[in-house]
1. Among LEU171, LEU188, which is modelled with pLDDT of 95 or more, outside any loop (DSSP other than H, G, I, E, B), in the same structural domain as ASN16 (by TED's automatic domain parsing) and in contact with a Gly (Cβ under 6 Å, 6 or more places away or on another chain)?
2. Looking only at segment 197-216, which residues are touching a residue at least 24 places away in the same chain (Cβ under 8 Å) and either within 14 Å of the ligand (Cβ to nearest atom) or of a type outside the set (Asp, Glu) (or both)?
3. Among (1) within 24 Å of THR11 (Cβ to Cβ); (2) within 21 Å of the chain's Cα centre (by Cα), where does ASP174 come up short?
4. Among (1) part of a helix (DSSP H, G or I); (2) assigned by TED's automatic domain parsing to the domain that holds ILE191, there is one condition GLU232 misses while meeting the rest; what is its number?
Amino acid sequence: MSVYKSVKRVTTHVLNEMKLNGEKIAMLTAYDYSIARILDEAEIDVILVGDSASNVMAGYDTTLPITLDNMIYHAASVVRGVKRALVIVDLPFGTYQGNSKEALASSIRIMKETGAAAVKLEGGQEVAESIERILSAGIPVMGHLGLTPQSIHKFGTYVVRAKEEEEARRLMEDARLLEKLGCFGVVLEKIPAKLAEDVSTTLKIPVIGIGAGGKTDGQVLVLHDMLGITQEFSPRFLRRYHNLYAEIKGAVQTYINDVRTQAFPNDKEQY
Ligand code: KIV
């Protein structure tokens with residue numbers, strides 16, 4: 001029997017079993033209670049409260065401005081809507097890179113104030129000490145390599161990462177290190193499919209891809225992108241499953257028209 005069908009609650013161990021069993025892991029972002037409920041009832045395996053909230057919820061150009069308090073607000077709302085999925089929360093920019101004590105303090109706040117099950121952070125060797133410290137408190141950590149949006153000002157663009165041999169070698173080294181440190185999984189963002197496949201077969205822990213081809217152990221997308229709420233973001237890897245922007249706009253225009261023409265409310269819609 002498939003692992004995902006038999007579990008009432010997805011844990012990091014379940015993700016491991018899914019990988020061992022060759023079952024792909026489905027992960028999406030969510031930032032609020034109502035949407036998290038829908039995702040959970042649809043039986044998504046993992047919900048990521050991503051710092052992409054900075055873009056799609058708050059309207060910033062990058063993920064840098066979102067604060068720990070903002071992330072805690074979003075994550076606590078998501079957790080209240082979830083019964084089954086594993087909820088992972090991004091540590092926002094500036095809350096874990098500087099020193100490992102701060103990384104632990106930020107992670108403890110997330111775990112205590114949201115009820116989420118794990119944190120995610122970006123980087124490899126350079127954040128190893130922070131990862132060790134967070135793990136020492138029993139907090140599960142997911143890594144994130146490849147395109148790491150919190151470093152956008154260092155890289156300058158959102159192009160595909162690790163195309164060159166040297167960067168690919170370093171990424172593989174970092175992935176091995178994350179596993180050795182004790183991370184329960186890794187996200188690989190926007191890297192060549194072959195490299196992502198190599199990392200996925202090398203590591204025992206689950207590897208989740210976004211723009212990393214079809215051979216990773218699972219996939220993640222930003223919900224607002226895959227539902228077509230965002231319109232301007234169209235990378236090659238993005239499959240839009242809906243055009244919610246048009247649907248919502250159409251519904252709102254119909255409502256406005258109904259109000260203006262007094263078609264709403266009708267006799268049955270009043271007391
Ligand atoms: O913040 C986010 O949504 C992410 C995903 C793109 C993996 O980190």
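1. Details: LEU171 fails: in contact with a Gly (Cβ under 6 Å, 6 or more places away or on another chain).
The conditions single out LEU188.
2. Here is the first cut: in segment 197-216, the ones touching a residue at least 24 places away in the same chain (Cβ under 8 Å) are 198-199, 202-208, 210-212, 216.
Passing the criteria: VAL199, THR202, LEU203, LYS204, ILE205, PRO206, VAL207, ILE208, ILE210, GLY211, ALA212, THR216.
3. Against the list (1) within 24 Å of THR11 (Cβ to Cβ); (2) within 21 Å of the chain's Cα centre (by Cα), ASP174 comes up short only on (1).
4. Status for GLU232: all satisfied but (1).
Yes or no, residue by residue, for (1) surrounded by 15 or more Cβ atoms within 10 Å (Cβ to Cβ); (2) modelled with pLDDT of 95 or more; (3) more than 25 Å from the chain's Cα centre (by Cα); (4) aliphatic (A, V, I, L, M):
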residue: LYS194; (1), (2), (3), (4): no, yes, no, no
residue: ILE208; (1), (2), (3), (4): yes, yes, no, yes
residue: THR216; (1), (2), (3), (4): yes, yes, no, no
residue: HIS224; (1), (2), (3), (4): yes, yes, no, no
residue: GLU232; (1), (2), (3), (4): no, no, no, no
residue: PHE237; (1), (2), (3), (4): yes, yes, no, no
residue: TYR255; (1), (2), (3), (4): no, yes, yes, no
residue: ARG260; (1), (2), (3), (4): no, yes, yes, no
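The values are calculated or read from the model by the stated rules, or taken from the named source; none is laboratory data. These numbers come from a predicted model, not from an experiment. Methodologically, a virtual Cβ is constructed for each residue, glycine included, from the backbone with ideal geometry; neighbour enumeration extends over all protein chains shown.
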